[in-house]
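The values are calculated or read from the model by the stated rules, or taken from the named source; none is laboratory data. Note that the coordinates shown come from a computational prediction; the quantities given were computed from them, not determined experimentally. Please note: Cβ atoms are built from the backbone with ideal geometry, for glycine as well, and neighbour counts cover all protein chains shown.
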Amino acid sequence: MVKMKDQIEQGLESIANTYGRFPICFESGEGLYLKDTEGKVYLDFVAGIAVNALGHGDKQYAEVLKNQAASLVHVSNLYWNAQNIKLAQTLTSISGLDKAFFCNSGAEANEAALKFARLYGADEKFEIITMSNSFHGRTMGALALTGQTKYQASFAPLLPGVKYVPFNDSEALKNAIGDQTVAVMVEVIQGEGGIVEITPEFAETISKLCLEKDLLLIVDEVQTGIGRTGQYFGYQNYGLKPDVVSCAKGLGGGFPIGATLVSGKVAQKLTPSCHASTFGGTALASAAANYVLDEIESRKLLDNVNQMGRYLQEQLLILQNQFDVIKAIKGKGLIQGIEIVEALPTGKIVNGAMAKGLLLVGAGHQVIRFVPPLIVAQKHIDEMIGILKSVLEDLSSNK
């Protein structure tokens, strides 16, 4: 048996050094638990960074993929496939939008949103306003839309035609709109920006301005979509009516797939060859997404997200009252976070939790996020809180 340390050494030798990985190599999972190659079990509150909507090791999910792979995997977008048609019908129905474009990731979905906005502007209007501390991906177009210089360093010059305004600052947004502005792009909860929620006032301002000035409202739902906030899409909590929505992550439950959903006025600008993706919407990827969406509906997982989201928030508030290192509780549904005082690096909490068998991940500056699978139960939250409390007690006693 190869030791995990040796496996990681092999990975360091052969895999590009583009990630700061933790020294764990996983081999299997079931529900909310992962097992590493040496048999240690971890409670997973990362879920592949909000991807594994149905947890790990779902046997029916595996059966769906197996059967679809045995039947049809890929034919290209020269032709139709039944799984993709079904998926498009479901997504347009639950989103209230009119057409779907399929790709393979959140960054690709945002690249499509960018191109569709430019098409809508017809060369006269091309500028997109996005938010400071936003995150929209790492490909060059999506990187330009991302309002965080730490991700953009060393990749200049960035794509022109993008302005950044402070999130939730209505006056700044009003002042930024010009004659060449074609769209406003926003996350309703900034994930990588630190689990920061849109205010009702800002949501109202965006809606009003986009309507008055014929601007497209683009909502990035890559992390907040597919049930994570307790609605199918996060914007449905805030009364927003977007023209373009990007989604990915939880859509495939772990299988790579992304989608860009558009309203009728955007769809009418799209023509064959204006955009494409060889692997977008394959029968296999679409089958995975159809299964995820069917399970969310049949198992009433939106109700579970709302119930467990409230319970998680209650337990985090109790923890906050016990530990003054927790400054704030943030987020909604099953995308929540705790903001930690500057004196305590969040890495110490993440590493301490990992040592005790709990997987957590940071979000922005001094925030730890909780994005468990949508199937999470009260017992999992209790277990997580117990481990997190133990870690905070250890760190408090080591001051």
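Laid out as a table, the results:
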{"quantity": "Selection count where residues are small (Gly, Ala, Ser), touching a Leu at 6+ places or on another chain (Cβ under 8 Å) and farther than 11 Å from Val186 by Cβ, scope the range 114-149", "calculated": "5"}
{"quantity": "Total residues in the range 263-283, condition assigned to a loop (DSSP other than H, G, I, E, B), among the small types (Gly, Ala, Ser) and under 18 Å from Asp243 (Cα atoms)", "calculated": "1"}
{"quantity": "Boolean, Glu204 is charged (D, E, K, R) and in contact (Cβ under 8 Å) with a residue 60 or more places away in the chain", "calculated": "no"}
{"quantity": "Boolean, Val341 is of a type in the set (Val, Ile, Thr), surrounded by fewer than 22 Cβ atoms within 10 Å (Cβ to Cβ) and either in the same structural domain as Asn306 (by TED's automatic domain parsing) or without any contact (Cβ under 8 Å) to a residue 12 or more places away in the chain (or both)", "calculated": "yes"}
{"quantity": "Glu124, sole failed condition from (1) of a type in the set (D, E, K, R); (2) modelled with pLDDT under 95; (3) assigned to a helix (DSSP H, G or I)", "calculated": "(3)"}
{"quantity": "Subset of the range 51-66 (residues that are touching a residue at least 24 places away in the same chain (Cβ under 8 Å) and farther than 12 Å from Val376 by Cβ)", "calculated": "Val51, His56, Gly57, Asp58, Gln60, Tyr61, Val64, Leu65"}
{"quantity": "Every residue from the range 367-399 that is crowded, with 19+ Cβ neighbours inside 10 Å and either free of Cβ contacts under 8 Å to residues at least 24 places away in the same chain or not in a helix (DSSP H, G or I) (or both)", "calculated": "Val367, Ile368, Arg369, Phe370, Val371, Pro372, Pro373, Leu374, Ile375, Val376"}
{"quantity": "Residue match in the range 353-364 (condition: in the same structural domain as Gly31 (by TED's automatic domain parsing), surrounded by fewer than 19 Cβ atoms within 10 Å (Cβ to Cβ), over 20 Å from Lys40 (Cα atoms) and free of Cβ contacts under 8 Å to residues at least 40 places away in the same chain)", "calculated": "yes"}
{"quantity": "Failed condition for Ser93, given (1) farther than 17 Å from Cys247 by Cβ; (2) surrounded by fewer than 12 Cβ atoms within 10 Å (Cβ to Cβ)", "calculated": "(1)"}
{"quantity": "Long-range neighbours under 6 Å by Cβ, at least six apart or interchain, first residue without any contact (Cβ under 8 Å) to a residue 24 or more places away in the chain and of a type outside the set (Phe, Trp, Tyr) within the range 172-196, second surrounded by fewer than 19 Cβ atoms within 10 Å (Cβ to Cβ) and not in a strand (DSSP E or B)", "calculated": "Ala172/Pro166"}
{"quantity": "Test: residue in the range 107-129 that is farther than 30 Å from Lys174 by Cα and in the same structural domain as Lys241 (by TED's automatic domain parsing)", "calculated": "no"}
